[in-house]
Each structure stands twice: as C-alpha cells, then as structure tokens.
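Chemist: Take this structure, written in structure tokens, and hold onto it; I'll ask about it next.
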Amino acid sequence: MYASVITSPGRAGLQQVARPEPGAGQLLLRLEGSGVCASSLPLWEGREWFDYPQPAGAPGHEGWGRVAAVGEGVQGVAVGDRVAALTYRAHAEYDIADAAAVVPLPASLADASMPGEPLGCAVNIFRRSDIRAGQTVAIVGIGFLGAILTRLAARADARVIAISRLPFALEVARSMGAAHTIAMDDHWRTVEEVRRLTAGAMCERTIEAVGLQWPLDLAGEITGERGRLVVAGYHQDGKREVNMQMWNWRGIDVINAHERDPLAYVQGIREAVDLMASGVLDPAPLFTHRLPLDRLGEALELTRTRPDGFMKAVVTA
C-alpha cells in the first residue's frame, strides 16, 4: 500500500509499505480519507521529543472508509461496511482499527466525508461545557472545532459570541448561528465589547479553542462570576501562565475538555454521526481544502498558516 511518511520536520513523502493485517478483535480499513489535525503541527514543525522518520501513516487519526478485512472474534461489522474510526496511522491507503473504535455510517451519509475524531471531540467538549438555553457563550477561536461548537451551542438556544482574528472565520461563525462576532485584534477592545454585549455580566460559558497564551488570557477575562471556562485549545508548545487571582476571585470553574479515554472519543463520534444523520449538523462546508495523499505536507502547511478561506484540510486516499 501507499502511505504518507513524515521523514523529518517539515518534510513528508509518499512511500510504498507493507499492508497491515488485522489481528484478533481488529479490522482492516480501506481508507477513503483522513482529516488533518492541528494537534499534528508540533510533530510537523519538529520538537526534540519526536523521532523521525515517523511510522507510515502517522499521526493520522481522523480516518474513514470501508472495512476490507475482519479479524478473529469481531462481530457486528462486515467487509464492505462504511465506517468512521479512531486509528493512529490513517494518512495511508489502509489502517488497522480495534473493533471497539469503529462507528458504522448510515446510508444517509454515504457520500459524506467523515473525519470522526474531531467531530466526536466537538461533541464531547460541548457536553463538558454544560451549555444551556439562555446562556451567553463565548467561543474564542473559530476554526473547524470552534465552528462546530458554535453550531451546537446555537442549537441549544444559547447566545453565541464568536471571537476570531480572521474575517472569513467570523463569517463562518455567523452561518453556524453566532449571534455576535468580534474581531480578535486587540485584547482590551475585545474584553470591552463583550462587556458591552453582556451589560457587564460577561459570559456564563467561554470555550477557548486556539491553544495559545493570549487567547487563553482573553477567555479568562470574559468569563463571568461563577462561569465556566472550557479549555479546548491544544496547548502543547510549552507552559502556560494563568491569572489565578482573577479566576479564584470570580469563582470560575475551569474544565480541561481533552479526553484521554478512546472509548469516550468513540462515543462522541457516535453522537456526531447521529447529529449528521438527523440533519442537525452539516460539517461539509468546513472541509475547505481536499488534497491527495501525496500532498500531506501541503495540507499540514495549510493547517499551520491558515490562509484566508481555510477551515480544515482532508487528504484523500
């Protein structure tokens, strides 16, 4: 089979490697595509704790496709079934999935791209945010994740304030149901605009979905007393400092919304599939860039630089 291999920081190429075989309790997937995740950027950019070349197909974990072979003991899934899956080398033509990490896709989604992991991640973040009707919810950072969360929060009858540095992203947020949008171009101007929109009360819920220090600082500033600050950004480039005095004085609940139980991710994927099948959620407009497998490096660069009009890249096998 062919697989993309990150050979060194900033370099990826297509290589021919042995096709894996499923063991007991596993499936072999013939992948149709995989999403490109911002959490892969530290690996792409290079950190001292990574080894190169990376395994073939790594770090792809947002794959979908059809079951090509079934290992011993697997029940309820058959060859030919179309599925989303949580796997770890999905930037390839084939990958192995544990049977428990596979979510069948209904016929109504037969033509849909289905990078399940980020959709399931959004559903899990939404659940842990405890968003309720009538609340004011700020979402700091409108990429793919922030856009999906905007949709889910608006559907819950919350008033969503979407905050992003990119005009295109704010347009997307409005299409997803944001009641207000604010350009994230000045810290205190943004804080004062939120204060104006909330008559000084600030936000009952704030979701930080950027993964950098300044947006995290901003998210804390705009969370009201007894509010909930949900950290959904991927903070993996170093330590963070927080204004613990302010967080403590306001009585803010701080939630790290990153799951580490694979079964929790899979449950989130199931719920996302149900939302898509029922017509509540349509992520298709957010897949703004589609590239073939041999252009994974370009897809990662797009994810890193986020040019105008970019939301999410997928690579197709």
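Since every read-out is calculated from the coordinates, none of them should be taken as a lab result. What you see is a predicted model; the values in this text were computed from it and never measured. FYI the Cβ positions are ideal-geometry reconstructions off the backbone, even for glycines, and counts take in every protein chain you see.
Chemist: Given contacts defined as C-alpha pairs under 8 Å and at least six residues apart, what's the relative contact order of the chain, whole-number percent?
Modeler: Normalised by residue count, the contact order of the chain is 19 percent.
Chemist: Please compute the modelled spin-label separation between D157 and A133, points set 7 Å along Cα→Cβ, answer in nm with one decimal.
Modeler: 0.2 nm
Chemist: For segment 1-92, what Kirkwood radius comes out of the mean inverse Cα-Cα distance, in Å?
Modeler: Values: mean 1/r = 0.0716 Å⁻¹.
Over segment 1-92, the inverse of the mean reciprocal pair distance is 14.0 Å.
Chemist: For segment 251-308, what D do you get in µm² per second when you plug the Kirkwood radius from alpha-carbon pairs into Stokes-Einstein at 25 °C and 0.890 mPa s?
Modeler: Approximately 166 µm²/s, per Stokes-Einstein.
Chemist: Let me ask another. How do 288-299, 48-59 rank on mean C-beta neighbours within 10 Å, highest first?
Modeler: In decreasing order of mean packing, 288-299, 48-59 become 288-299, 48-59.
Chemist: Now a separate question. For segment 226-296 and segment 112-133, compute the distance between their C-alpha centroids and round to whole Å.
Modeler: 7 Å
Chemist: Still on this model: More than 13 angstrom separation, counting every C-alpha pair in segment 202-243; what % is that?
Modeler: Working: 406 of 861 pairs.
Beyond 13 Å sits 47 percent of the P(r) for segment 202-243.
Chemist: Treating the Cα atoms of segment 119-256 as identical point scatterers in vacuum, please give the log10 of the normalised Debye intensity I(q)/I(0) at q = 0.09, 0.12, 0.17 Å⁻¹, two decimals.
Modeler: -0.21, -0.38, -0.82
Chemist: Mind giving me the nanometre distance, one decimal, between the label points for E192 and R66, set 7 Å out from Cα along Cα→Cβ?
Modeler: Once both label points are built, they end up 6.0 nm from each other.
Chemist: Gain in length, F50 to A18, computed as 0.36 nm per residue apart minus the alpha-carbon separation, to one decimal in nm?
Modeler: Values: separation 32, 0.36 × 32 = 11.52 nm, distance 2.32 nm.
That works out to 9.2 nm of additional length.
Chemist: Oh, and also: Once you have the Kirkwood Rh of the chain from its Cα pairs, apply Stokes-Einstein at 25 °C and 0.890 mPa s and quote D in µm²/s.
Modeler: The estimated diffusion coefficient comes to 122 µm²/s.
Chemist: Evaluate the charge dipole of segment 8-136 about its Cα centre and quote only its size in Debye, nearest 20, assuming +1 on the Cβ of each Lys and Arg and -1 on the Cβ of each Asp and Glu.
Modeler: Roughly 240 debye for segment 8-136.
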